[in-house]
Amino acid sequence: MTNPVLIEVLRGAIVESAHRGSVAVFDGDGKPVWEIGDTAKPVFPRSAVKAIQALPLVESGAADAYGFGNRELALACASHSGEPAHVDLARSMLAKAGLDGSALECGTHWPSNHDAEIALARAGGSPNALHNNCSGKHSGFLCTCVHAGIAHRGYVKPGHGLQDMVRDAMQSVTGAVHGEDQRAIDGCSIPTYAVPLRSFALGFARMATTSGFGPERAKAAKRLLSACMAEPFFVSGSGREDVALMEAAPGRIFTKGGAEGVHCAAIPELGLGIALKCDDGAGRAGEAMVAAVLAKLLRADEALAAKLLELANTPIENRNGAKVGALRPTATLK
């Protein structure tokens with residue numbers, strides 16, 4: 001099955017490039033509300049599912065034991081930009097469990113935020129694992145290990161007790177088997193599993209509605225999504241799409257991007273979960289897709305829909321700052 005073109009890239013009035021993709025929107029009872037393309041095809045969700053992966057942090061009691069509030073929980077679900085506030089908060093989370101950045105096994109890269117990168121370089125510094133965009137998630141993993149009495153070394157590896165907890169949460173919430181034959185390794189070294197795109201849409205619908213969850217999981221799911229919506233900067237970073245989308249409708253939209261053009265989202269007031277994939281992995285197209293999908297689903301609120309459509313129709317500028325084109329959703333998304 002060939003997925004349809006969902007985003008066109010214009011230079012002037014001419015289509016210069018096009019991005020195909022698939023979209024799944026489900027409700028908490030497992031009913032498909034809107035599907036585009038091949039939503040049964042397995043995809044790796046990458047970082048888009050961090051809110052589900054953070055469930056053991058709350059369910060184990062670790063979050064309460066270490067006094068974590070919205071900011072810490074948001075960072076545990078984050079792909080942050082490595083800005084000082086992100087790095088400091090990850091360091092603080094680890095310290096509460098008696099650890100420091102040397103315990104992280106996520107690897108090292110420079111901050112993705114340009115200002116933070118330049119400031120670090122000018123100060124003569126070099127990046128460490130705390131600057132990794134996944135350090136908040138990994139700090140949550142380590143805190144879970146310490147609180148649960150699980151030896152934390154090797155916590156990123158398949159078969160480690162922590163990764164078993166994360167896999168079990170993913171399977172339970174999405175309803176999809178996460179088996180060895182579907183497993184690969186993510187950029188931050190933890191296992192990632194390719195399962196049908198529609199399973200992630202169902203998973204986030206269930207996170208939003210708590211449909212089928214027991215009391216503890218329902219409380220944990222609500223707490224994590226609420227934290228992310230309350231503190232979107234700590235989920236992402238300055239000037240980024242997830243922040244813009246969640247700030248467009250405070251407390252009404254949850255969204256989380258992942259690598260290779262994957263996005264997951266939830267609209268609690270409608271009880272809907274969303275998952276989408278840009279086939280060619282382009283981040284710019286995935287961001288435009290999720291904004292357009294949210295605009296359509298929230299079209300009853302005309303002012304909000306207009307804000308979201310503005311984010312979906314991203315301008316392209318030349319080196320002089322002049323607008324020379326734009327990304328635009330196709331009729332399939334409208």
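The values are calculated or read from the model by the stated rules, or taken from the named source; none is laboratory data. Just so it is clear, the structure is predicted and the values come from calculations on it, not from any experiment. Quick reminder, even Gly has a Cβ in these numbers, built from the backbone with ideal geometry, and neighbours come from all protein chains shown. Calculation scope for accessible area: heavy atoms of the full protein, side chains included, ligands and nucleic acids excluded. Shrake-Rupley method; radii C 1.70, N 1.55, O 1.52, S 1.80 Å.
Could you list, in sequence order, the residues of the stretch 115-147 that are assigned to a helix (DSSP H, G or I), surrounded by fewer than 22 Cβ atoms within 10 Å (Cβ to Cβ) and of a type outside the set (A, V, I, L, M)?
115, 117, 122, 147
Looking only at residues in the stretch 154-182 that are in contact (Cβ under 8 Å) with a residue 40 or more places away in the chain and assigned to a loop (DSSP other than H, G, I, E, B), which one is surrounded by the fewest Cβ atoms within 10 Å (Cβ to Cβ)?
Across the stretch 154-182, the extreme among qualifying residues is 154.
Can you list residue pairs whose Cβ atoms sit under 7 Å apart, with the first residue in the stretch 112-141 being closer than 20 Å to residue 162 by Cα and among the aromatic types (Phe, Trp, Tyr) and the second being open to solvent by less than 40 Å² (accessible area, probe 1.4 Å) and modelled with pLDDT of 95 or more? Count only pairs 6 or more apart in sequence or on different chains.
141/155; 141/162
Could you count how many residues in the stretch 62-82 are open to solvent by 20 Å² or more (accessible area, probe 1.4 Å) and not aliphatic (A, V, I, L, M)?
Taking the stretch 62-82 first, the residues open to solvent by 20 Å² or more (accessible area, probe 1.4 Å) are 64-67, 69-72.
After this cut, where a residue has to be not aliphatic (A, V, I, L, M) as well, the list is 64, 66-67, 69-72.
Residues that pass the stated criteria total 7.
From the residues in the stretch 42-61 that are charged (D, E, K, R) and in contact with a helix residue (DSSP H, G or I) (Cβ under 8 Å, 6 or more places away or on another chain), which one is surrounded by the most Cβ atoms within 10 Å (Cβ to Cβ)? Write out each step before concluding.
Residues of the stretch 42-61 that are charged (D, E, K, R), as a first pass: 46, 50, 59.
Imposing the further condition that a residue be in contact with a helix residue (DSSP H, G or I) (Cβ under 8 Å, 6 or more places away or on another chain) reduces the set to 50, 59.
Details: 50: 24, 59: 18.
Residue satisfying both the conditions and the ranking: 50.
Of the residues 262, 243, which single one is β-branched (Val, Ile, Thr), modelled with pLDDT of 95 or more and farther than 12 Å from residue 49 by Cα? Even if it seems obvious, please write down each step before you answer.
Details: 262 fails: farther than 12 Å from residue 49 by Cα.
From the options 262, 243, the qualifying one is 243.
Restricting the first residue to the stretch 236-265 and requiring it to be under 22 Å from residue 90 (Cα atoms) and open to solvent by 10 Å² or more (accessible area, probe 1.4 Å), which pairs with a second residue that is among the acidic types (Asp, Glu) and in a loop (DSSP other than H, G, I, E, B) meet a Cβ separation below 9 Å and a spacing of at least six or different chains?
What qualifies is 238/83; 259/186.
Just to be sure, is residue 188 in contact with a Gly (Cβ under 7 Å, 6 or more places away or on another chain) and open to solvent by less than 10 Å² (accessible area, probe 1.4 Å)? Before the answer, list the steps.
On the way: in contact with a Gly (Cβ under 7 Å, 6 or more places away or on another chain): yes; open to solvent by less than 10 Å² (accessible area, probe 1.4 Å): yes.
In short, yes.
Does the stretch 22-41 contain any residue that is surrounded by fewer than 19 Cβ atoms within 10 Å (Cβ to Cβ), among the basic types (Lys, Arg) and touching a residue at least 40 places away in the same chain (Cβ under 8 Å)?
Yes, the stretch 22-41 contains at least one residue that is surrounded by fewer than 19 Cβ atoms within 10 Å (Cβ to Cβ), among the basic types (Lys, Arg) and touching a residue at least 40 places away in the same chain (Cβ under 8 Å).
Would you please list the contacts, defined by Cβ atoms under 7 Å and residues six or more apart or on different chains, that run from a residue in the stretch 267-296 that is part of a loop (DSSP other than H, G, I, E, B) to a residue that is among the aliphatic types (A, V, I, L, M)?
That search, which allows pairs on different chains as well, returns 271/205; 271/208.
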